[in-house]
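Beneath this line is the structure, given in structure tokens, with notes to follow.
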Amino acid sequence: MDIKEIQNLIKFVAKSGASEVKLEMDDVKITIKTGSDAPETKIIQAAMPAAPQMMATPVAAASQPVAEPAAPAAPKATEDESKYLTIKSPIIGTLYRKPSPDKPVFVEVGSEIKAGDTVCIIEAMKLFNEIESEVSGKIVKVLVDDSSPVEFDQPLFLVDPS
């Protein structure tokens, strides 16, 4: 890996919201931890196949647990949002709210949807998967930005079923 690829990986991890990512290839081990102002990155390159066993100890010793800040507002938000249904991501990929850059978004806050309506597209391995709503109602909140990475089972939209 060259430095440009590593920088792009760091930017991607920072945007994704993941707290830690480990990448191991033949002669390179990369650990990226976020949770502070700047992402922490460790890169270890081994010259010989036997070296990763010897290099594993310094990586483990250098790793420090990252304390996550407590979110006092979270319990209040879940009480208010408990009456809403959640549309979650069925796959890992990049979420797009529009069918193409020059088209309008599929749904916005206030949009009425019914079961089977397309609410977004998730790109996974160069395949564009239309995500259809399994519920009917009104979109109350959009939880993910356009062109952002999403995880499996990550909440995408809040829907008021009434």
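Throughout, read-outs are computed from the coordinates displayed, never taken from laboratory work. A quick note: this is a predicted structure, and the numbers were derived from the prediction, not measured. With ideal geometry, Cβ positions are generated from the backbone for all residues, glycine too; neighbour counts draw on all protein chains shown.
What length, rounded to one decimal in nm, is gained on full extension from residue 109 through to residue 83, with 0.36 nm per residue of separation minus their alpha-carbon distance?
Roughly 7.7 nm would be gained on extension.
Only four residue types carry charge here, +1 at the Cβ of Lys and Arg and -1 at the Cβ of Asp and Glu. Report the dipole size of segment 81-125 about the Cα centre in Debye, rounded to the nearest 20.
Approximately 80 debye in magnitude.
Read phi for every residue in segment 134-146 and hand back ³J(HN,Hα) as whole Hz from Karplus 6.51 cos²θ - 1.76 cosθ + 1.60, θ = phi - 60°, with x for Gly and Pro.
Using θ = phi - 60°, the values come out as 9, 10, 10, x, 10, 5, 9, 8, 9, 9, 10, 6, 5 Hz.
At what distance in nm do the modelled label points of residue 24 and residue 98 sit from each other, each positioned 7 Å from its Cα along Cα→Cβ?
4.2
Could you give the length gained on full extension between residue 118 and residue 152, defined as 0.36 nm per residue of separation minus the Cα-Cα distance, in nm?
On the way: separation 34, 0.36 × 34 = 12.24 nm, distance 1.78 nm.
10.5 nm is the gain from fully extending residue 118 to residue 152.
Which of 11/98; 22/98; 33/83; 29/88; 15/141; 4/88 have a Cα-Cα distance over 29 Å?
Where the Cα-Cα span goes over 29 Å, the pairs concerned are 22/98; 33/83; 29/88; 4/88.
Amide H neighbours of residue 140 under 5 Å, counting only residues 5+ apart in sequence or on other chains, H built in-plane at 1.01 Å?
Excluding prolines and chain starts, which carry no amide H, the hits are 110, 158, 159, 160.
Excluding residue 106 itself, calculate the net charge of residues whose Cβ lies under 11 Å from the Cβ of residue 106, where each Lys or Arg counts +1 and each Asp or Glu counts -1.
After counting each charged neighbour, the total is -2.
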